[in-house]
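Asks: Quick one: structure below, then a few questions.
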Amino acid sequence: MPADTLTLIDNRTAKTYELPIKDGTIKATDLRQVKVDANDFGMMTYDPAYMNTAACKSRITFIDGDKGILNYRGYPIEQLDEGSYIESAYLLLYGELPNASQLAHFNGELLERVELPAFFDRFFDGFEQHAHTMSMWMAGLAALSAAYPESRKVLDATVRKEFILRAIAQVLTLAAYAYRRGQGLPLIRPKAGLGLVDNFVHMLFEKEPHPVLVRALDVLFILHADHEQNCSTSTMRLVGSSQADPFTSLSAAAGALFGPLHGGANEAVLKMLRQIGSVEHIPEFITRVKAGEVRLMGFGHRVYKNYDPRARIVKQTAESVFAVTGKNPLLDVAVELERIALSDEYFIKRKLYPNVDFYSGLIYEAMGFPADMFTVLFGVARTSGWLAQWEELLGDEDQKIGRPRQIFLGEGKRDYVTLENRK
Ligand code: SDX
């Protein structure tokens, strides 16, 4: 049986090294023994954007990008979408599907915590009405850090549990308040007796929501709940590794999500579809994509080199929503854009497929959400995944404060030159 080791020969010194292989990886710090002389710091890996670096061990979410597989704690996303968002949040946090009494208890724990501290009644008044809802939501997350200084006791498991529950519940109320401010409407308080997602819709629109739309939002929240070590989750982990409180870490993760290459893509897709305007203009847009002038937003993924399994479910969900709201005319543009892209060599060669963001914005818009709310809807659902990953990080004895190294290419030591002596 071959040994689980990697034999390295450093041709600079002809020295040989045996590095242990574990879980299909070598420990980067094992490379530090590779030196050219005693003064050498030792070898590092160079991996900008972490294209090939495992930063943690995790048991939460598994993705197979080539096969288009996404499992939360082993359960395929295509099956979990039959359940509820809070069931998936429980699964991500505690590792098992809840039984009926556990689910009811968890739901009760969240609903008990759905009210925001009183100062939030005035918090969003400080923003201009046209402020981006995602910017307001992010500010609200950081403000929760001020509201709950006791949440800084991050090494206390009981404290973590309390604030994980508060965060999962209150990010929805925060999102509703930010939305209402953006619409210039009065706040609507949470209503007793409603489920978490029903309450969210109530705080947004007040009118009795159509059950198909609430169900669709629940499914979209399941799909967005976690996605292993994506940009925003890695941010949550890095900030969390400094033992910052969970709300500070959440506000940082939300910042990463806001980028158009990440969670901001759902808003960017709608803008792109509007710019294309009609099916007739698709060929000209595709030409611009191939020329590198623009990106086909909602397409491509660092991990999925196959159809994002979530995109398929989002597309199915769109049909149920449009049956109630009437079809979004941009859907025809999106479907034709997908059809053309999937048959075009440029996209096939680069393995570019629709991702979770390609169709979700069309649904949100049909539900009555403005485009600057789309990434907030992504973030409120991803909060349960961010917190599950944060909890796992703090319980992992391998982990310590994250601090990458660099390859220094700058100036060597040089002496200070006084102002009068500078050219
Ligand atoms: C999310 O990581 C996650 O899990 C994220 C997420 C989650 O749930 O957390 O799944 C959510 O962020 C989904 C992705 C949303 N973003 C977008 O839809 C924005 C558009 N997509 C891209 O910008 C891009 O595909 C990324 C950012 C998603 C991935 O980029 P990579 O892996 O860094 O790939 P790349 O930029 O190096 O591109 C490789 C090639 C390049 O062409 P060449 O230089 O080889 O000629 O593919 C091209 C790129 O130009 N390419 C695209 C493209 N995406 C990649 N060309 C046109 N349109 C695109 N969308």
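Asks: Could you list, in sequence order, the residues of segment 313-333 that are within 30 Å of residue 51 (Cβ to Cβ) and either at pLDDT 95 or above or within 18 Å of the chain's Cα centre (by Cα) (or both)?
Replies: The initial filter retains those residues of segment 313-333 that are within 30 Å of residue 51 (Cβ to Cβ), namely 313-315.
Scanning segment 313-333 gives 313, 314.
Asks: Any residue in segment 176-184 that is within 15 Å of residue 384 (Cα to Cα) and either buried (at least 19 other Cβ atoms within 10 Å of the Cβ) or in the same structural domain as residue 92 (by TED's automatic domain parsing) (or both)?
Replies: No: segment 176-184 contains no residue that is within 15 Å of residue 384 (Cα to Cα) and either buried (at least 19 other Cβ atoms within 10 Å of the Cβ) or in the same structural domain as residue 92 (by TED's automatic domain parsing) (or both).
Asks: Are any residues in segment 198-246 among the charged types (D, E, K, R) and not in a helix (DSSP H, G or I), and if so, which ones?
Replies: Applying the first criterion (among the charged types (D, E, K, R)) to segment 198-246 yields 198, 206-208, 215, 218, 226, 228, 237, 245.
Passing the criteria: 206, 207, 208, 226, 228, 245.
Asks: Pick out, from segment 100-189, the helices (runs of 4 or more DSSP H) lying fully within it that include 2 or more residues that are farther than 21 Å from residue 206 by Cβ. It would help to see each step written out before you state the result.
Replies: Numbers: elements: 100-112, 120-123, 133-147, 157-182.
The helices (runs of 4 or more DSSP H) meeting that bar are 100-112, 133-147, 157-182.
Asks: Something else about it: In the set 257, 238, 220, which member is within 16 Å of the ligand (Cβ to nearest atom), open to solvent by 40 Å² or more (accessible area, probe 1.4 Å) and either modelled with pLDDT of 95 or more or assigned by TED's automatic domain parsing to the domain that holds residue 143 (or both)? Please lay out each step first, then the result.
Replies: Details: 257 fails: open to solvent by 40 Å² or more (accessible area, probe 1.4 Å); 220 fails: open to solvent by 40 Å² or more (accessible area, probe 1.4 Å).
Going through 257, 238, 220 in turn, the sole match is 238.
Asks: Where residues in segment 76-95 are among the hydrophobic types (A, V, I, L, M, F, W, C) and in contact with a Lys or Arg (Cβ under 8 Å, 6 or more places away or on another chain), which of them is farthest from residue 224 (Cα to Cα)? If you could, list the steps in order and put the result at the bottom.
Replies: Taking segment 76-95 and keeping what is among the hydrophobic types (A, V, I, L, M, F, W, C), we get 77, 80, 86, 89, 91-93.
Filter once more, keeping what is in contact with a Lys or Arg (Cβ under 8 Å, 6 or more places away or on another chain): 77, 91-92.
Working: 77: 10, 91: 14, 92: 12 Å.
Among those that are among the hydrophobic types (A, V, I, L, M, F, W, C) and in contact with a Lys or Arg (Cβ under 8 Å, 6 or more places away or on another chain), it is 91.
Asks: Can you tell me which residue among 294, 279, 289, 303 is open to solvent by 40 Å² or more (accessible area, probe 1.4 Å), within 11 Å of the ligand (Cβ to nearest atom) and either in contact (Cβ under 8 Å) with a residue 12 or more places away in the chain or under 30 Å from residue 156 (Cα atoms) (or both)?
Replies: Details: 294 fails: open to solvent by 40 Å² or more (accessible area, probe 1.4 Å); 279 fails: within 11 Å of the ligand (Cβ to nearest atom); 289 fails: open to solvent by 40 Å² or more (accessible area, probe 1.4 Å).
Answer to the selection: 303.
Condition check ((1) near the ligand (Cβ under 10 Å from one of its atoms); (2) outside the structural domain of residue 272 (by TED's automatic domain parsing); (3) open to solvent by 10 Å² or more (accessible area, probe 1.4 Å); (4) hydroxyl-bearing (Ser, Thr, Tyr)) across all residues:
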| position | (1), (2), (3), (4) |
| --- | --- |
| 299 | yes, no, yes, no |
| 310 | yes, no, no, no |
| 321 | no, no, no, no |
| 329 | no, no, yes, no |
| 336 | no, no, yes, no |
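Asks: Among the numbered conditions (1) assigned to a loop (DSSP other than H, G, I, E, B); (2) within 12 Å of the ligand (Cβ to nearest atom); (3) of a type outside the set (Lys, Arg), tell me where residue 375 comes up short.
Replies: (1)
Asks: Would you mind finding the one in 53, 45 that is open to solvent by 80 Å² or more (accessible area, probe 1.4 Å), assigned to a loop (DSSP other than H, G, I, E, B) and among the hydroxyl-bearing types (Ser, Thr, Tyr)?
Replies: Working: 53 fails: open to solvent by 80 Å² or more (accessible area, probe 1.4 Å).
Going through 53, 45 in turn, the sole match is 45.
Asks: Part of a helix (DSSP H, G or I), of a type in the set (A, V, I, L, M), in the same structural domain as residue 291 (by TED's automatic domain parsing) and crowded, with 21+ Cβ neighbours inside 10 Å: is that true of residue 387 in this structure?
Replies: For residue 387, the condition - part of a helix (DSSP H, G or I), of a type in the set (A, V, I, L, M), in the same structural domain as residue 291 (by TED's automatic domain parsing) and crowded, with 21+ Cβ neighbours inside 10 Å - is not met.
Asks: Further question on the same structure: Any idea which residue in segment 25-35 is surrounded by the fewest Cβ atoms within 10 Å (Cβ to Cβ), counting only those that are under 15 Å from residue 14 (Cα atoms) and in contact with a strand residue (DSSP E or B) (Cβ under 8 Å, 6 or more places away or on another chain)? I'd like the intermediate steps shown before the answer.
Replies: Looking only at segment 25-35, we keep the residues that are under 15 Å from residue 14 (Cα atoms), and these are 33-35.
From what is left, the residues that are in contact with a strand residue (DSSP E or B) (Cβ under 8 Å, 6 or more places away or on another chain) are 33-34.
Numbers: 33: 13, 34: 17.
Selected residue: 33.
The values are calculated or read from the model by the stated rules, or taken from the named source; none is laboratory data. Predicted model, so just to flag it, every value in this text is computed and none were measured. As a convention, Cβ positions derive from the backbone with ideal geometry for all residues, glycine included, and neighbour counts pool all protein chains shown. The protein model used for the area step is the full one, side chains on, heavy atoms only, and it has no ligands, DNA or RNA in it. Shrake-Rupley method; radii C 1.70, N 1.55, O 1.52, S 1.80 Å.
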